[in-house]
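All of the numbers you see were taken from the coordinates with simple rules; none came from a lab. The model shown is predicted, which means the values in this text are computed figures rather than measured ones. FYI the Cβ positions are ideal-geometry reconstructions off the backbone, even for glycines, and counts take in every protein chain you see.
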Amino acid sequence: MIAGAYSAEDPGPDTVEGGEFRRSKTTIRNWITRDGSSGFPAEAGRFHLYAAWNCPWAHRALLMRVEKGLETAIGVSYARPRRTPEGWVFDAEGPYADPLKGVSALHEVYAQDAVPYTGPVTVPLLWDKVADRAVSNESADIVRMLNDAFDGPDLAPPDLREKIDAWNTRIYAQVNNGVYRAGFARTQEAYDAAVREVFAALDGIEAHLAGRDWLCGARYTEADLRLFPTLARFDVAYHYAFKCNIRRLMDYPRLWAYARAIYHRPGVAGTVAFDIYKQGYFSPSELRNPLGIVPAGPEIDWSLSDAAGAVSRVG
Ligand SMILES: N[C@@H](CCC(=O)N[C@@H](CS)C(=O)NCC(=O)O)C(=O)O
């Protein structure tokens with residue numbers, strides 16, 4: 001979008017330089033606060049989230065929403081899983097409708113922001129219904145502001161914040177965005193470097209989880225929450241669609257048990273949609289999947305209990 005107007009010829013959100021995938025910077029970065037001094041007070045019923053089931057960045061916002069018990073306080077519109085030349089779009093009714101504004105494409109929402117928007121049309125987008133303004137389209141900020149501004153468990157407590165931030169930085173670069181750098185690489189060299197980094201990071205986390213429940217020790221934190229969307233998509237999408245196939249998540253005993261332990265947290269399974277991940281990541285793409293055929297497998301059993309997971313997490 002340029003100055004609040006959408007054009008189908010707008011450059012996509014991300015770029016490729018020397019065969020390497022670069023994610024563009026987000027620009028709508030307002031902040032919800034408890035006291036409202038930012039202009040965006042933390043009030044139930046005031047905010048609405050635009051999301052897509054398959055988007056891992058939207059997923060982390062959805063995860064924080066359930067951890068904080070904000071399901072009724074913050075409504076959600078889910079875009080259709082497969083993007084179109086119009087970007088993210090909505091149906092007139094059903095699970096992919098927009099209950100807030102009834103728009104047919106996400107760019108129509110961006111166009112309504114009081115500050116004319118220039119940039120890519122991405123999910124997640126957090127909207128203030130009272131001010132009728134965009135709050136943020138940066139998922140890292142959305143996750144942190146929901147944690148800080150609303151009541152409920154603190155997933156980034158002060159004594160762990162430094163550790164959490166260090167994990168977040170590492171996991172974003174090497175894992176969350178690492179899989180995209182592998183999948184969207186345009187040269188063998190760029191792919192090789194990215195895929196090696198992804199698996200080196202996963203190997204490191206596997207080793208780190210020996211004798212620890214969570215990344216920062218005994219407490220589930222925002223760092224774990226931010227790792228999960230990539231793990232949930234790993235075997236079903238990234239392993240094949242993004243050629244991240246040195247190992248599967250299932251091949252890491254601790255990480256696999258850890259991922260299932262997150263999946264079994266209250267509300268989390270309701271944020272996960274494996275079939276939709278496949279539809280999204282195997283969308284027709286000239287470069288990656290020209291015919292848009294969605295593979296049938298793999299079959300993965302996430303239902304294995306925490307108890308079973310705990311056994312393999314020892315040691
Ligand atoms: N910095 C953003 C990145 C969000 C992002 O890249 N979202 C993707 C979906 S996974 C998107 O909406 N892309 C727009 C498009 O593909 O047109 C965030 O983390 O919130």
By the Kirkwood definition, with r running over pairs of different Cα atoms, the chain has a hydrodynamic radius in Å of 20.2 Å
Let me know the volume per residue of the alpha-carbon convex hull for the stretch 158-313, in Å³. 108 Å³
Exposure proxy order (Cβ contacts within 10 Å, fewest to most) of 167, 127: 167, 127
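If each residue's Cβ is checked for other Cβ atoms within 10 Å, how do 220, 78 rank with the fewest at the top?
Numbers: 220 18, 78 26.
Neighbour counts put them in this order, fewest first: 220, 78.
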Unit-weight point scatterers at every alpha-carbon of the stretch 39-173, Debye formula, q = 0.13, 0.14, 0.15 1/Å: log10 I(q)/I(0) is -0.56, -0.64, -0.73
